[in-house]
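See below for the structure under consideration.
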Amino acid sequence: MVRSFMLLLFIIVVCTFLPIFILSTSDTSYDDCSPFKCGNINFSFPFYSHLNSICGLPGFEISCENSSSDPRLLLSGRLYHVKNLEMTLSNPISDSSLMNTLITVVDPQLVKDLTAGSCESFYNLSIANTSTGSLNLPPGSANLTLFKCPKKLSLSKEFTDKVVNNVSCNDGDQLYVWRNRTQFDPPLFNSVVLAPSGCLAVFLPVSGFGYLLLNASDADQRTKLIQVLDAGFLLGWKWSNIEAQEACEECHKRRGRCGYDGSLKKVVCFCKGGCEKSKRKKQLFITGN
């Protein structure tokens, strides 16, 4: 009898306070996942700060020492400076509030080293995709192919004829910029271009304008290359998982904020005071004889 009474009391307490606890937790997470500022850019899902990893997708952490510091994003094991973020409606004629996201990133270490005359930081960029979302090079990105060769290496005329310009490095190397078929060839990170024996092939994405600058300007070769690399290149964010996309879209419709549960490995929704019911579009059916 006593045991039954205690069990009943436990069920009543759980049913009474659990919804309140869940609402309170959701409210807190909703507030924690507000857009945050780093530098002069406001970030939101899929990006997150180190303080609130539940507010974004794995691999999209923005490193920010304080609100006035430069935002950084880890790519290929190196922190890239995020210069700009642009968000547009994915479908302006629908009721979806999901956005297309474009970011401009720069490799500050590469620019710094090249400015100092070193070519040590040149390496091939690889962008890892996650099971939920990924960063990709959008159409219009240009393919910059470079070869880092020892200065004393003898190169064939067939190779040098395809070189747009070259830059001397103070670490004993010479940097050659390869002439692509067109300025809008997509960047190839696993290119089949064969480097001359003794040279290292490096493939870097740049803006289409930057590519034209390298080919058209009469300025100093090193200055041009530094300007192009310092201008950065675009990366576009997109969903890799349709279920996660639909879950986040539904969350926006319910006036919530998308987040990510690392233990469940799924997109979750945080709402203030409980999520609204989804407003489905009414369909008009016309019948006739």
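General remarks:
- In this simple spin-label model, placing a label point 7 Å from the Cα along the Cα-to-Cβ direction at both Ser168 and Asn241 gives a separation of 5.4 nm.
- Amide H contacts of Lys266 (H built 1.01 Å from N, under 5 Å, at least 5 apart or other chain): Asp261
- Pairs from the table (Lys148/Lys224; Lys37/Lys266; Lys37/Lys265; Lys112/Lys224) lying more than 19 angstrom apart at Cα are Lys37/Lys266; Lys37/Lys265.
- Projected over all directions and averaged, the alpha-carbon convex hull of region 45-178 occupies 11.6 nm².
- Distances between placed amide hydrogens fall under 5 Å for Lys83 paired with Thr104, Val105, Val106, all partners being 5 or more residues away or on another chain.
- Amide H partners (placed H, <5 Å) of Asn165, local residues excluded: Val177
Any read-out appearing in this document is the output of simple, stated calculations on the displayed coordinates, not a laboratory observation. The structure presented is a predicted model; accordingly, all values stated were derived computationally and were not measured. Cβ coordinates were reconstructed from backbone atoms using ideal geometry, including for glycine residues, and neighbour counts include every protein chain displayed.
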